[in-house]
Amino acid sequence: EGEKEVLKRWIEDGAKYQPHWAFVPPKKRAPPVVSGARNPIDQFIGARLEEEVLSFSPEADRRTLIRRVTLDLTGLPPTPQQLDQFLNDAASGAYERLVDRLMATRDYAERRAQDWLDLARYADTRGFADDKMRQIWPYRDWVINAFNQNMPFDQFTREQLAGDLLPNSTTQQKVASGYNRLLQTTHEGGLQIKEYDAIYAADRVRNVSEVWMGATVGCAQCHDHKYDPYTIKDNYALAAFFADIGDRGFNGNSLPTKRPPEIIIHNPENLAKIQHLQKEMNALLPPANQKKFQEFQDRKNRLTSTLKKAKDKDKQDLQNRLGNLDQEISKLAGEQELAKYRKIRRKKFEIEKMGRPTMISQAVKPRTMRVLPRGNWMDESGPVVLPAVPEFLGQIQSNKDRLNRLDLANWLTDPKNGKGKLNARVLANRIWYLLFGKGLAPDLTDFGGQGTPPEHPELLDNLALSLIDKQWNIKAFIKDIMLSRTYRQATLPGEGYQSFQVAQRLPAEFIRDNTLAISGLLVPAIGGPSVKPFQPGGYYRHLNFPQRKYTADTGEAQWRRGLYVHWQRQFLHPMMKAFDAPSREECTTQRPQSNTPLAALVLLNDPTFLEAAKAFAGKIVKRGGDSFGNRLAFAFEVALSRPPDSFEENTLAQLIDDRNSASAESWTPLARAILNLAETNLRR
């Protein structure tokens, strides 16, 4: 009854209604004035602390700080050299210089790429039924390069959603458009094409709305959204943007699967060789003559093949025609030039054969998209819809008869004519989560009615607008946060203090990277096909059509970063699975952090970690000095960026029979213990 009275009074007062916070464009607010703030972030946080009669916790010590920043920016621990450089840099701005140095590394790009691949649901296999391999790793390498170049987020968006639609699109922009092909697909015989058209459309709506809009538009697949203003028509109109993507058909049991449209990609070294050889060919024959040479050569090959099967009465005619073709070819250049040209051409062809295919988007005639009542793909009674954004968010102004994916990409990031400001809020919140372990708005995927409002809405709004002001410059945005007092706080405040920082276990890939880096085994090569490290035998025994056997790589491929580990959706590598890596069947904005015996057993028994312990032991003996104390201090500095205390020294000493032994084998138990410490795999 009391609640009814409140409703009655509200209606009598005019029933004033405020739109949901996430659908209201962010407004810039002047930061409150507080003491001790380094930037506007601290001013907003400091003002709230003052309201609650709290203070910032003290700044983390330098050893903790460099370890935190290095792990956050690169996914790797600081080296002893990096540690010494920072600890000995007494000049003003030492911390900012550290941040700049780390952001300039390729390690930074690899660290950022891991987060994006979770969102985009990148995997090396197609999922569903047989979960076969498909060629898409060049897309992963494009993501790494994009972060390395600090590509603005609006361009990053356009190239993925519509790289193939950009004017004079480059090869790499086409590779970026592989984003649209990352979803799970099936190619089994007897499938219902229209059923899977509907499944793929629903997947793409879920992903693009969760990744860019922080919205669950996919919930409107069968009916209007229960909690947000998205209608079922909005869902299918958004899906219509992707109706031009050709992804039908199946191809039997080939491994990896052929998934046209594809283009051939070469590694940088081979690409440079191909370009150099092409220049040599151009010097011998003009491009127009090269085209004629190819035409004549193709005709000659066909005639030669026909001649082998021809009857005697037809052979003379075919030989005459071949002779005429040879004369035409000889007119293109002198015999010496042609001989050189053929030799270079063969060499170029052999290198070109080393290229690898990758799936891309290629626009075809758009499929008819209609609203499916109750999501039923067999019910074609619903109205036909054209590409459009959710109605309550406005519309895209265009003179075209039909909008396309490029229009959508621009609308998602345009702060003036689109919803760039709303979506900047989503991105800003997600980056905050990556640096603090919790978003200002806790639900990273759902900024709708079921999501939780932000704890500091004014700060989140200002951060979103800061992204816009910075022209979507992600590095500059991250740097602002990292320079703040809020980020640099210690994780364990005393009474009367408050800290936003919390200790976080590293993600699965970086637990592996961390161990390999500490041991010295890590191979820092960038990009290339996915690798297959050690894995328990028989793990793939239930993969059928066709049956598959896992064969681990050998040599340097075994020690690549976790970012490059083969991602089998249905049978994710056991180490990754034990540490909560997702299967990437769907968008993952926030990984869980379980604490199970299986994870501890992986650290103890996985062959990769055993080999790392042996290598670390050898490194300790070789580079740690002659005494036990010096060696232990070296080991702790490499693994934890700090010296051991007396308790740790006395405890670990019990693991070695002969403290002065120069044998790596005798130091392996101690190395295993250090690699298995919780602190080794924590970022504080």
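Go through the range 182-199 and count every residue that is in a loop (DSSP other than H, G, I, E, B) and either of a type in the set (A, V, I, L, M, F, W, C) or in contact with a His (Cβ under 7 Å, 6 or more places away or on another chain) (or both). Selection size over the range 182-199: 3. If only residues of the range 494-551 that are of a type in the set (Phe, Trp, Tyr) and assigned to a loop (DSSP other than H, G, I, E, B) are counted, the one that is nearest to Thr64 (Cα to Cα) is Phe500.
Remark: pairs (first residue in the range 199-218, within 19 Å of Gly178 (Cβ to Cβ) and open to solvent by less than 10 Å² (accessible area, probe 1.4 Å); second residue aliphatic (A, V, I, L, M) and part of a helix (DSSP H, G or I); Cβ separation under 6 Å; 6+ apart in sequence or on different chains) = Val205/Val217; Val205/Leu238; Val205/Ala239; Val211/Leu119; Trp212/Leu412. Against the condition surrounded by fewer than 14 Cβ atoms within 10 Å (Cβ to Cβ), within 29 Å of the chain's Cα centre (by Cα) and assigned to a helix (DSSP H, G or I), how does Asp100 come out, does it pass? Answer is yes for this residue. Which of the numbered conditions does Met151 fail, given that it passes all the others? Conditions: (1) out of contact with any strand residue (DSSP E or B) (no Cβ under 9 Å at 6 or more places or on another chain); (2) in contact (Cβ under 8 Å) with a residue 12 or more places away in the chain; (3) closer than 22 Å to Leu427 by Cα. Checking Met151 against (1) out of contact with any strand residue (DSSP E or B) (no Cβ under 9 Å at 6 or more places or on another chain); (2) in contact (Cβ under 8 Å) with a residue 12 or more places away in the chain; (3) closer than 22 Å to Leu427 by Cα, the one that fails is (2). If the condition is being among the charged types (D, E, K, R) and either open to solvent by 80 Å² or more (accessible area, probe 1.4 Å) or in contact (Cβ under 8 Å) with a residue 40 or more places away in the chain (or both), then the range 607-657 contributes Glu611, Lys614, Lys619, Lys622, Arg623, Asp626, Glu637, Arg642, Asp657.
Considered as a group, the residues in the range 325-357 that are open to solvent by less than 70 Å² (accessible area, probe 1.4 Å) and part of a loop (DSSP other than H, G, I, E, B) include one that is nearest to Pro268 (Cα to Cα), and that residue is Gly355. For Leu427, the requirement of being under 27 Å from the mean Cα position of the chain (by Cα) and either surrounded by 13 or more Cβ atoms within 10 Å (Cβ to Cβ) or at pLDDT below 95 (or both) is met. Note on the range 151-177: residues that are over 27 Å from Lys470 (Cβ atoms) and touching a Lys or Arg at 6+ places or on another chain (Cβ under 9 Å) amount to 1. Exactly one residue out of Pro78, Pro138 is in contact (Cβ under 8 Å) with a residue 24 or more places away in the chain and in contact with a Leu (Cβ under 9 Å, 6 or more places away or on another chain), and it is Pro78. Out of everything in the range 383-399 that is closer than 15 Å to Ala240 by Cα and either modelled with pLDDT under 95 or out of contact with any Asp or Glu (no Cβ under 7 Å at 6 or more places or on another chain) (or both), what residue ends up being most open to solvent (accessible area, probe 1.4 Å)? The selected residue is Gln395. Only residues that are within 25 Å of Val502 (Cα to Cα) and either open to solvent by less than 60 Å² (accessible area, probe 1.4 Å) or of a type in the set (A, V, I, L, M) (or both) were counted across the range 33-54, and they come to 14.
For the residues Lys258, Lys300, Lys233, Lys291, the requirement of being under 30 Å from Lys331 (Cβ atoms) and open to solvent by 80 Å² or more (accessible area, probe 1.4 Å) singles out Lys291.
For the range 362-382, state whether one or more residues are under 30 Å from Ile265 (Cα atoms), in contact with an Asp or Glu (Cβ under 9 Å, 6 or more places away or on another chain), open to solvent by less than 30 Å² (accessible area, probe 1.4 Å) and not charged (D, E, K, R). No: zero hits.
The values are calculated or read from the model by the stated rules, or taken from the named source; none is laboratory data. In this text, all values refer to a predicted model and were calculated from it rather than measured experimentally. Cβ: placed from backbone, ideal geometry, glycine included. Neighbour counts: every protein chain shown. Keep in mind that these areas ignore ligands, DNA and RNA; they rest on the heavy atoms of the full protein, side chains included. Shrake-Rupley method; radii C 1.70, N 1.55, O 1.52, S 1.80 Å.
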